1. Taking segment 89-121 on its own, how many of its residues are part of a helix (DSSP H, G or I) and in contact with a helix residue (DSSP H, G or I) (Cβ under 7 Å, 6 or more places away or on another chain)?
2. How many residues, within segment 14-51, are under 29 Å from L116 (Cα atoms) and more than 18 Å from the chain's Cα centre (by Cα)?
3. For segment 135-156, indicate whether the set of residues that are part of a loop (DSSP other than H, G, I, E, B) and in contact with an Asp or Glu (Cβ under 7 Å, 6 or more places away or on another chain) is non-empty.
4. Given the criterion surrounded by 20 or more Cβ atoms within 10 Å (Cβ to Cβ), touching a residue at least 12 places away in the same chain (Cβ under 8 Å) and more than 25 Å from P117 (Cα to Cα), identify the matching residue among Y185, Y148, Y152.
5. Counting residues that are modelled with pLDDT of 95 or more and not hydroxyl-bearing (S, T, Y), which helices (runs of 4 or more DSSP H) fully inside segment 1-88 reach at least 3?
6. Please identify the pairs in which a residue from segment 83-95 that is under 13 Å from D64 (Cα atoms) has its Cβ atom under 7 Å from the Cβ atom of a residue that is assigned to a helix (DSSP H, G or I) and of a type in the set (D, E, K, R), counting only partners at least 6 apart or on another chain.
7. Please determine whether any residue of segment 187-194 is among the hydroxyl-bearing types (S, T, Y), assigned to a helix (DSSP H, G or I) and closer than 28 Å to L108 by Cα.
8. Please work out if F124 is among the aromatic types (F, W, Y), part of a helix (DSSP H, G or I), surrounded by 20 or more Cβ atoms within 10 Å (Cβ to Cβ) and at pLDDT 95 or above.
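The values are calculated or read from the model by the stated rules, or taken from the named source; none is laboratory data. These figures come from a predicted structure and were not determined experimentally. So basically every Cβ, Gly included, is an ideal-geometry build from the backbone, and we count neighbours across all protein chains shown.
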Amino acid sequence: MNIPFLSFFSFMKTSPFDGLLEHAEKVKECAWVFQQALECYVSNNLTSFEEYRVEVSKLESEADAIKRRIRGHIPMGTKMIVPEFQFFMYLKEQDKILDSVETTLDWLSYRVETKLPEEVKADFLLLVDSVLEPIEQMSRLVKEADKYFKNYSDKQRNIIKEIIRDLRQKEHEVDRVEYRLKNQYFALESTENNTFHFVKLVETIGSIADHAENAGDMMRSMISRKKGFFF
């Protein structure tokens, strides 16, 4: 039997966006720890780096629990104005940010004794800061989307579009820093044995912004319909 979506969430007194926001806040918390871990790596504070890496793994597990709860709280047969896959694809892209964060630190841990050349440290930290900026927008994007799907306000819709444009711009900035960083590294001497490790490291960090942009594109797809989403 189909369950009307409005009736279901009126009964539950909650919105699916509550779970998305909780997940986004966990992503943001993880991003702060990620930043601390990479600053420790650059300064060769390997003990603290490992402590932060373990903390990121813990936060990622907590985010997975939130993700499973979101997926488990929409009954089969529930009618959704927008295809269900869009909602879950948004959640998937938001969650992939965490995957890239955890993968970055795990990748570093395999050769944690490898020091970054002094010539690339400044741009490496700039890359880290650049990918964190889109993450800061994720919680705001979910909050504003929740408001929009309740009242379908054109003003609210424009706010969401502006956030999405900002995500795209920040992703392009990350690409530029990533490109410059690779060129700097290739220009150095005596880095041949570490080149693959470094390039993969930089690309994995860069993918954080890619997933934030993808999440924004999925949100844009959800609000593109003339009628609302959940409410």
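1. 21
2. So the count comes out to 13.
3. no
4. The conditions single out Y148.
5. Those helices (runs of 4 or more DSSP H) span 16-42, 46-72.
6. L91/K67; D95/K67
7. No, segment 187-194 has no match at all.
8. It is true that F124 is among the aromatic types (F, W, Y), part of a helix (DSSP H, G or I), surrounded by 20 or more Cβ atoms within 10 Å (Cβ to Cβ) and at pLDDT 95 or above.
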